[in-house]
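Novice: Questions regarding the structure given below will be posed in turn.
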Amino acid sequence: MHRRTGFLGSSERQGEIVPLVGPHPEDEYSSACEWYRRQGWRREPLAFDEPTEPAFEAALRERLDAETALVYADWLARHGHPRAPLIVVQHARRARPAAEAAAEATTDELAAEEARLFEHHADVLLGTLGAHLYEVQLDAYGLELTWEHGFITAARVNRDGLGDAEPVVDMLLHHRSARLLRELVIGCHQGGDQDNRKMAEVLLYASPTPAPPLRKLHLADFDDSQYDGIDISRCPLGDLSGLGEIYPLLEDVVLKGRGDVELGGLALTRARRFALRTSTLTRRTLGAILRAPWPELVELELWFGDTAWHYGAECTLDDALPLLGADGFPKLRALRIMNAPFIDELCPRLLTSSRVRALEVLDLSLGSLGDAGADILVGGRDALAHLRALKITESCLRPAARARLLASGLPVDESPVSPARTPARSKAGRYTSVNE
């Protein structure tokens, strides 16, 4: 079992626990962990070991299907491991018709058996993760886990009750029950601004070999309603350039924070969606995205920010224009140029863009779309008639211009960007919605 005093050695020192001694006092434990991770040390697994069969494991990493999971349950049962009955029970619960499950919700024998397995085998199935779980009755946020066929397949790290969230994520990545983890969402995990540099270190330097087969990673999923005083421009993300090497199966990546995140050389060969939500997009980061080898990308979402606010945004219209070219992202069908101060100036370029002709969704929300830009879109509506959605939430339109756009026949969408935001139909003056 893991102890706060050590990490599992690298391949040269496999199995040896090396204590954190010398210059690292207890209050610098997190910094010491970061140093050791960068030197190649890894945390030991945080549950009792269990028998594994490589062929089953490989198949389930690629696709967690019921048939393979049940065959694996038979194999685990022959080795006396409690994950075997958990796979069977969780499969049976998922397989029941919805109407039947609802009718017997209060006396569900399968649910009772699942709870019994977790209670009697908590040391194996949950281990130290159990101390950080979300408690519905207490409304105490923490670690939310989703189980499927006996394994943790999705996890969300929330605020309150975690202490330092980075060690909890470290534990999760190494836990036997999470070795088929597909979705990881890092939400609000600290008061005030969300500094995720150490979280990035954990994701890149603390992952086991092989790392969980993540398909979805959201860092950081915080919203306006969750904490007062979060300034997105003070929420660093760190260096994520190696993300694709550690998690090559990623399909959905959403980042929220400061726009100077390091993405150079980030290879996401299976990614279908990438979003960077920021008020401070830098030229370096935008350039890395434009050069990124993401052949399967279907949706690209970029928030820019206004250089006039002096929070760190750098990108102008000229920097954004390559997004409208034909180079890169051959499968792109949704382009979201959001929170940008140059939308009116961009509008005439949209009408002649080879990229836009291939899109289904064009999103200009949170930005400075004004009357002049709206009239350009209305006048050139034939060039945009193929769109399924033209999203303009939280624009700077006056009522008459907005009415002309709505009456143009274009598929205008003004739905909220997030549940936490109640969008005004028009902003007073021209400005981007998210700047601090």
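Novice: Within straight cross-link reach of Lys256, meaning Cα distance under 16 Å, which lysines are found once same-chain residues fewer than 8 apart are removed?
Specialist: Lys198, Lys216
Novice: Taking R0 as 25 Å, what FRET efficiency do you get between Ser354 and Asp318 from their Cβ-Cβ distance, rounded to the nearest 0.05?
Specialist: With a Förster radius of 25 Å, E is 0.90.
Novice: So if each residue of separation counts as 0.36 nm, and I subtract the Cα-Cα distance between His386 and Arg398, what length gain in nm does that give?
Specialist: Working it through step by step, the gained length comes to 1.7 nm.
Novice: I've got another one for you. May I ask you to sort Asp344, Asp164 by Cβ crowding, counting other Cβ atoms within 10 Å and putting the fewest first?
Specialist: Lowest count first: Asp164, Asp344.
Novice: I need two numbers for segment 155-313: Rg to one decimal and Dmax as a whole number, Cα atoms only, in Å.
Specialist: 15.1, 49
Novice: Oh, and also: Pull up all non-local amide H partners of Asp413: gap of 5 or more, or a different chain, and H-to-H distance under 5 Å with H placed in the peptide plane.
Specialist: The answer is Leu390, Lys391, Ile392.
Novice: Let me ask you something else. In terms of the Cα gyration tensor, with a ≥ b ≥ c the square roots of its eigenvalues, is segment 141-413 rounded because a/c is under 1.5, prolate because a/b exceeds b/c, or oblate?
Specialist: prolate
Novice: Could you compute the FRET efficiency for Ser418 and His310, with r as their C-beta to C-beta distance and R0 at 25 Å, rounded to 0.05?
Specialist: 0.45
Novice: If each of Arg291 and Ala372 carries a label point 7 Å out from its Cα toward its Cβ, how far apart are those two points in nm?
Specialist: A separation of 3.4 nm, rounded to one decimal place.
Novice: Over the Cα atoms of segment 321-431, how large are the radius of gyration and the largest Cα-Cα distance (Dmax), in Å?
Specialist: 13.1, 38
Since every read-out is calculated from the coordinates, none of them should be taken as a lab result. Note that this is a predicted model, so its numbers are computed, not measured. Note that we place each Cβ from the backbone using ideal geometry, even for glycine, and neighbour counts take in every protein chain shown.
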